[in-house]
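The values are calculated or read from the model by the stated rules, or taken from the named source; none is laboratory data. Note that the structure is a prediction, hence the values are computed from the model and not measured. Using ideal geometry, Cβ is built from the backbone for each residue, glycine included, and neighbour counts are taken over all protein chains shown. When the accessible area is computed, the model is the full protein with side chains, heavy atoms only, and any ligands, DNA or RNA have been set aside. Shrake-Rupley method; radii C 1.70, N 1.55, O 1.52, S 1.80 Å.
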2 protein chains.
Amino acid sequence: MSLAGAVGPVTHATLDDTLPQRLHEELETFLRRNPHRDLAPELVGELTALVLSGGKRLRPTFAWWGWRAAGGESGGPLADVVLRALVALELLQACALVHDDVMDRSTTRRGRPTAHRLFAARHRRDRWAGDADHYGDCAAILVGDLALAWADDALVTAGLPADALGRAWQPWQAMRTEMIAGQHLDLLAGTRREESVAETVRVAGLKTASYTVQRPLHLGAALAGADPGVTEALCAFGRDIGVAYQLRDDLLGVFGDEQVTGKPVGDDLREGKRTPLMATALRLARAADRTDAIRQLRHCLDGGAVDPGTIAEVRALLHDLGAVAAIEQWIAELAQRGLRALARAPIDPTARGRLVSLAAKATTRKR
Amino acid sequence: MSLAGAVGPVTHATLDDTLPQRLHEELETFLRRNPHRDLAPELVGELTALVLSGGKRLRPTFAWWGWRAAGGESGGPLADVVLRALVALELLQACALVHDDVMDRSTTRRGRPTAHRLFAARHRRDRWAGDADHYGDCAAILVGDLALAWADDALVTAGLPADALGRAWQPWQAMRTEMIAGQHLDLLAGTRREESVAETVRVAGLKTASYTVQRPLHLGAALAGADPGVTEALCAFGRDIGVAYQLRDDLLGVFGDEQVTGKPVGDDLREGKRTPLMATALRLARAADRTDAIRQLRHCLDGGAVDPGTIAEVRALLHDLGAVAAIEQWIAELAQRGLRALARAPIDPTARGRLVSLAAKATTRKR
């Protein structure tokens, strides 16, 4: 890095620090200069608005540091190409969000109405023929399809050397299928009234651990041609931190401060979301033979926790049963194990520092 | 070809003739040996059932003959790899079908219930929680997403040389976006009560000409490294034959024999499908100042042609206005122009013969 950093332009030397801004620029360039954007202006417009409206850029950030950990040089000749390839991760996430919002019938996303609601509103405004809500769903399905197809286009056309692209395809392939499988398991957890801790953790493993942390790290490592030991350590780290991240997310979904998270208090309870937290509470209630608690938790999981009073009661119950403490304990153990896996790996020291701090943020965050 | 054909296995020398069967085998292999199939068994099961249940394999067939036209050798060392890459086209089509069926609320496909109906039925059978139809739509959205992601996987992991994959990506990229844009325009034609011939032809151009004929030929030519003249001629041929194919499809949708097409007589009329045929009829009715005919056509396009009597009347009207003759004339002109473009191109003679006969079938078919 020292030589390349010394002769390269200043922006290269600081790509580590300007990553979110540079990702935003690359996303904008990919979307605005896409040769096919005029074929479907409404779909592309909505995809662009969603992608450029924010988001934590978590997946490309983990991928970048996976690449840097395995020897990729932030001032090296491939840095810009790798950055461009990571646009694919945000487009894939756009597909996941738009399709999830149709499935969950969500109304807002990143502070804007969701895609299907926007298209339905346009249908109503212009007094078009047919069912406005169905049209909204259909258009949103197509926005998601476009995002998924363009995600692959972004990766393939980034300008990666053929061998790097070939190596990257394995985690990329796994990641896309894991994302889709995770969403299906999430749906099934609701429809099947899932109560098992193992199954809810499996969903968290696919939807968050693999898709959000582990595979992005794996992809970055693959782009850098990491040796198997490094890849394995990054994946082990990613898996544990990813599950811990989701467990923290579940706690915030129930106990988070509305002022900080931007989501209504107890939103997950209102939706009856089947999380490891709720499954743990049920397990503890069963172990303690607390029939009333079991009934109350099931009522909540069936979508019955609609008033602030019930929500406050369930929150108190989760503490009382020891479920919150159990999840906190679990997060701490996962974080420790993940960091141990990272500590053993022979990786770039700058990347190590950043990954440790990303892990800390992911597992202790307040939003 | 002679040398490779002479020393290669017999199956290679006859790949030209065993194409549908070999495609079926490659599809089966890709789906059954996919390393991620166990992550989402229900989704993969439905995708497999749909893909292996038939279909005309039109797109890979055109792609194969595009490759052969541009010098690809059916007994050559790349033939098997190219065949394997063409699995991508059938998976992409599976995505289009499953998502279209959700959008059109279709109930059957290839003689089976549609994916969303199957999943909804399973939900009802097992008395799961929530809305069965919504679950069916959600699961079908995910089957389509899986098909789209796996289509790209099939192309990228087929074993193509890096330069061939790089060349193929341009038509592949165009094709996926054209498919999605065409589906959106098709939706919009209905919601906006589209009556213009130009706009309905534009939908046919994207959904059928580009996606079904032109781009597959283009993809095949790109895999073979065709020179620009050959690619251009194949694309010009594909565009005209593709539009003619769709115009024929529209005529069959209104006048086709149920015994032969397998679809109920006048199905397109019942659905109020906005085709170039209907737009042409409206244009002719307006030119002849036939207010009654205009009213009757609009009634049909608004979904009012539900009884056999009305359907028979609209059919008679389409003849009477000269719309059927106009479309037949148009098909003939497109076929001639397409064949002229092909005749000028310096392509493989076997491929030329097959493409001429594919064009004849596409434009004069009865089903």
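Here is how the numbers come out for the structure above:
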read-out: Filter result for B:Val324 (closer than 28 Å to B:Ala189 by Cβ and crowded, with 18+ Cβ neighbours inside 10 Å); value: yes
read-out: Region B:117-131 residues that are under 22 Å from B:Leu50 (Cβ atoms) and more than 7 Å from every other protein chain (Cβ to nearest Cβ), paired with ones that are assigned to a loop (DSSP other than H, G, I, E, B) and at pLDDT below 95 (beta carbon under 6 Å, 6 or more apart); value: B:Arg117/B:Thr107
read-out: Any hit, region B:17-32, residues being at pLDDT 95 or above and within 14 Å of chain A (Cβ to nearest Cβ); value: yes
read-out: Within region A:189-248, considering residues that are open to solvent by 20 Å² or more (accessible area, probe 1.4 Å) and among the small types (Gly, Ala, Ser), the one nearest to the other protein chains (Cβ to nearest Cβ); value: A:Gly190
read-out: Filter result (modelled with pLDDT under 95 and of a type in the set (D, E, K, R)) within region B:91-125; value: B:Asp104, B:Arg105, B:Arg109, B:Arg110, B:Arg112
read-out: Helices (runs of 4 or more DSSP H) (entirely within region A:71-179) containing at least 2 residues that are closer than 19 Å to A:Pro60 by Cα, open to solvent by less than 40 Å² (accessible area, probe 1.4 Å) and not assigned by TED's automatic domain parsing to the domain that holds A:Tyr211; value: A:79-85, A:87-104, A:132-156
read-out: Selection within region B:22-46 - touching a residue at least 12 places away in the same chain (Cβ under 8 Å) and over 17 Å from B:Leu155 (Cα atoms); value: B:Ala40, B:Glu42, B:Leu43, B:Val44, B:Glu46
read-out: Failed item, numbered, when B:Val98 is tested on (1) in contact (Cβ under 8 Å) with a residue 24 or more places away in the chain; (2) out of contact with any Ser or Thr (no Cβ under 9 Å at 6 or more places or on another chain); (3) among the β-branched types (Val, Ile, Thr); (4) within 12 Å of chain A (Cβ to nearest Cβ); value: (2)
read-out: Unmet requirement for A:Ala147, which otherwise passes all of (1) among the hydrophobic types (A, V, I, L, M, F, W, C); (2) in contact (Cβ under 8 Å) with a residue 12 or more places away in the chain; (3) within 9 Å of another protein chain (Cβ to nearest Cβ); value: (3)
